[in-house]
Amino acid sequence: MVSRDHKLSVRRQCALLTLSRSNLYYEPKGESAENLRFMEIIDKQFLETPWYGSRQMARHMKRYGHKCGRHRVRRLMRLMRLVPIYQEPNTRCPATHACMCERGQEAPAA
């Protein structure tokens, strides 16, 4: 896309492509060895307990002596596309008299 050998300057080529020059020179580093180790631990634990979110997973890691905070765990879980399973709220029917009686609850006083 952007060529240094072109007659247009690199600055002008980037402007025409609406690309900042910092993006042109950016080279991603990748994850550190420590993060890769944490990701492996999170992955193994997530297979055993798929309902663990970032908070519970961070507590689990602290219990076993790993120094890893909740925000780091959250970022790594997002990177691995791990989403915990949980029960969603039952918003199927409003809290009406008929619906509450079906569930065996008392109806609100009118």
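Any read-out appearing in this document is the output of simple, stated calculations on the displayed coordinates, not a laboratory observation. Only a predicted model underlies this, so the values are computations on that prediction, with no experimental measurement involved. Here the Cβ is made from the backbone with ideal geometry for all residues, glycine too, and neighbour counts use every protein chain on show.
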*asked:* Please give me the summed charge of the neighbours of residue 2: other residues whose Cβ is under 12 Å from its Cβ, Lys and Arg +1, Asp and Glu -1.
replied: +3
*Would you mind ranking 72, 81, 37 by Cβ crowding within 10 Å, fewest neighbours first?*
81, 37, 72
*asked:* Run the reach check for residue 62 against lysines, Cα to Cα strictly under 26 Å, same-chain hits fewer than 8 apart removed. What comes back?
replied: 44
*Does the range 33-79 classify as rounded, prolate or oblate by the C-alpha gyration tensor (a ≥ b ≥ c root eigenvalues; a/c under 1.5 gives rounded; else a/b over b/c gives prolate, otherwise oblate)?*
rounded
